[in-house]
Amino acid sequence: MADPLIFERSVPGRRGYRLPPSDTPSRPPADMLPADQQRATPPQWPEVAEFDVVRHYTRLSQLNFSVDTHFYPLGSCTMKYNPKVNERVAALPGFAWIHPLQPASQVQGVLELLHGLEQLLCAITGMAAFTLQPAAGAQGELTGLKIVAAYHKRKRRTRSTILIPDSAHGTNPASAALSGFSVVQLKSGPDGLIDLKEFKSKLNRDVAALMLTNPNTLGLFEYNIKTIAALLHEQDALVYMDGANMNALLGISRPGDMGVDLLQLNLHKTFSTPHGGGGPGAGPVGVAKALEDFLPVPRVRKRGTRFAWETRSRATVGRVHGWFGNIGVLVRAYAYIRALGREGLMRASETAIINANYLKAKLQETYPVPFHQSCLHEFVASAKPLKAHGVTAGDVAKRLLDYGFYAPTVYFPLIVEEALMIEPTETESKETLDQFIEALLRIAEEAKTNPELVRRAPQRMPVDRLDEVKAAREPNLRWMKPAQSIVHSR
Ligand SMILES: *Cc1c(COP(=O)(O)O)cnc(C)c1O
């Protein structure tokens with residue numbers, strides 16, 4: 001690492017801030033905290049000045065890639081620029097400083113915003129109603145599947161199967177299994193789409209729902225969606241859409257019009273919340289009219305000009321989040337949607353699609369794209385031709401870091417060998433896209449002329465190749481002072 005640890009910067013007696021002498025005893029009396037629970041020695045905190053701390057952490061933060069510093073073509077994740085004004089709005093005291101226990105009469109503004117956001121999401125997706133509670137896409141999926149189960153239960157029948165295409169995000173089968181369903185995988189056709197013949201052969205009276213992603217994870221639109229939905233509805237099975245990536249559909253087409261019965265959106269992807277590193281997020285679930293009663297409670301209701309929480313509902317699947325969801329993310333999404341409006345959202349989607357197709361056209365000769373349909377907001381190319389030189393998709397991803405680009409998603413979806421899943425989003429300029437193309441073409445050239453260089457990348461990063469298995473299975477999270485034994489508590 002380029003920077004020493006904060007512990008290594010420690011100088012005995014150095015302080016950032018000195019508190020006045022304490023007027024309470026430094027050790028709590030034994031009747032407050034038993035003596036054997038008290039530590040023998042003070043914790044070995046680093047002793048540093050405020051300035052040391054500021055420099056240290058600012059430098060560390062600059063070792064990272066971020067959307068604010070680098071192009072981030074991370075397929076499926078929609079890492080787009082998040083307008084800073086949304087941060088300002090989310091930080092307004094009227095949103096940031098309220099408490100979920102405050103009575104509705106004191107927080108009419110935020111209730112109006114939540115109600116308004118539900119309506120905007122209904123307008124964007126063509127669904128009848130939304131819950132804003134789920135805190136992530138995966139939690140939205142779980143909520144949706146609970147609704148699927150409740151729907152069939154109300155009809156007094158057992159349906160135990162969820163159909164899922166083999167190109168699906170891993171959370172889909174995981175959510176289905178967690179909800180007690182068994183998963184039947186649908187093999188994609190040669191065009192990367194659901195194969196109607198395969199689908200019909202797996203459709204029967206035990207199917208509770210199909211979970212599909214549209215556009216799918218290959219960035220392709222499932223143009224048979226209406227036929228597929230009609231066939232499912234004939235069996236009274238439901239269509240669940242994984243709407244994590246709405247970036248290609250805004251203002252252009254609505255899942256509700258395609259026969260989708262319920263879906264989750266990932267506000268942190270499409271609707272401008274900085275994400276990555278695990279959160280925070282929001283995965284609202286939208287449903288068709290027939291499923292509205294199953295939504296989690298409480299739900300925000302408009303009564304005349306006032307807003308209130310409605311906590312009772314006979315058919316609800318119950319609460320899926322403490323309080324009302326991740327309000328900060330919801331405020332950002334509302335601000336983003338209102339600022340862009342229908343025209344702006346549509347332009348965002350169109351630009352995302354054009355950007356992806358531009359990259360695809362320029363790259364596919366070198367990195368073949370196994371499907372011929374033009375793509376939507378993302379596409380999946382393959383680094384397979386470089387394998388002849390001993391270079392893999394993972395190597396290409398590492399080498400891209402040296403060129404100053406974050407790496408695309410690699411090895412997903414699983415149905416494309418040496419997959420590079422590229423999603424440029426609408427926020428990148430043509431200049432950036434051209435530099436990215438040049439870097440990828442140059443890496444392909446390097447793979448031929450100097451494969452070792454690519455295999456050993458990155459060379460310009462603070463750390464080179466990590467042991468990915470050990471880093472995940474045996475993380476070393478604790479620093480120990482060299483040559484000094486650790487003081488264990490007694
Ligand atoms: C990101 C993503 C998910 C999971 O969303 P989380 O918010 O990470 O739980 C599910 N499906 C697809 C297609 C995704 O891209």
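Figures for the structure shown
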{"item": "Full-stretch length increase - Asp236, His115 - with 0.36 nm per residue and alpha-carbon distance subtracted", "result": "40.5 nm"}
{"item": "Segment 84-340: antiparallel DSSP beta bridges as a percent of all, rounded to 5", "result": "40 percent"}
{"item": "Cα coordinate range in segment 3-75, projected on the principal axes (Å, largest first)", "result": "58, 31, 21"}
{"item": "The chain - percent of accessible surface contributed by carbon and sulfur, probe 1.4 Å", "result": "55 percent"}
{"item": "Centre separation in Å (Cα based) which lies between segment 256-290 and segment 389-424", "result": "26 Å"}
{"item": "Reachable lysines from Lys470, criterion Cα separation under 24 angstrom, eight or more residues apart if same chain", "result": "Lys398, Lys481"}
{"item": "In order through segment 73-79: 3J(HN,Hα) via Karplus (6.51 cos²θ - 1.76 cosθ + 1.60), integer Hz, x for Gly, Pro", "result": "x, 7, x, 6, 9, 6, 8"}
{"item": "Inter-centroid distance (Cα atoms) of segment 292-327 relative to segment 135-195, Å", "result": "24 Å"}
{"item": "Calculated FRET efficiency for the pair Glu445/Tyr358, C-beta based, R₀ 25 Å, to 0.05", "result": "0.75"}
{"item": "Cα Rg over Rh - the chain, Kirkwood", "result": "1.02"}
{"item": "Viscosity 1.567 mPa s, temperature 4 °C, Stokes-Einstein D of segment 84-340 from Kirkwood C-alpha radius, µm²/s", "result": "70 µm²/s"}
{"item": "Local electrostatic count at Thr311 - Lys and Arg +1, Asp and Glu -1, tallied over other residues with Cβ under 10 Å", "result": "+2"}
{"item": "Accessible area (Å², 1.4 Å probe, nearest 10) - Met461", "result": "50 Å²"}
{"item": "Estimated inter-spin distance, Lys387 and Leu196, nm [label 7 Å along Cα→Cβ]", "result": "3.3 nm"}
{"item": "Rounded to the nearest 20 debye, dipole of the chain from Cβ charges on Lys, Arg, Asp, Glu", "result": "1420 debye"}
{"item": "Label zone at Lys155, where the point sits 7 Å out along the Cα-to-Cβ direction: segment 193-214 residues whose backbone N lies under 19 Å", "result": "200-212"}
{"item": "Top positive-direction residue, dipole computed over the chain with Cβ charges, set Cys122, Phe71, Gly325", "result": "Gly325"}
{"item": "Angstrom value of the Kirkwood radius, inverse mean 1/r, which spans all Cα pairs in segment 330-446", "result": "15.1 Å"}
{"item": "Note, ³J(HN,Hα) from phi for segment 375-380, Karplus 6.51, -1.76, 1.60, rounded to Hz, x at Gly and Pro", "result": "8, 9, 7, 8, 8, 10"}
{"item": "Principal axis dimensions, largest first and in whole angstrom, of segment 97-200 by Cα", "result": "56, 34, 24"}
{"item": "Surface per residue (accessible, 1.4 Å probe) for the chain, Å²", "result": "51 Å²"}
{"item": "For segment 352-357, Karplus couplings with θ = phi - 60° (6.51, -1.76, 1.60), whole Hz, Gly/Pro x", "result": "4, 5, 5, 4, 5, 5"}
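The values are calculated or read from the model by the stated rules, or taken from the named source; none is laboratory data. Computed from a prediction, not measured in an experiment: that's the story for all the values here. Heads up, the Cβs are rebuilt from the backbone with ideal geometry, glycines too, and the neighbour counts pull from every protein chain shown. Surface accessibility is based on the protein's heavy atoms, side chains included, excluding ligands, DNA and RNA. Shrake-Rupley method; radii C 1.70, N 1.55, O 1.52, S 1.80 Å.
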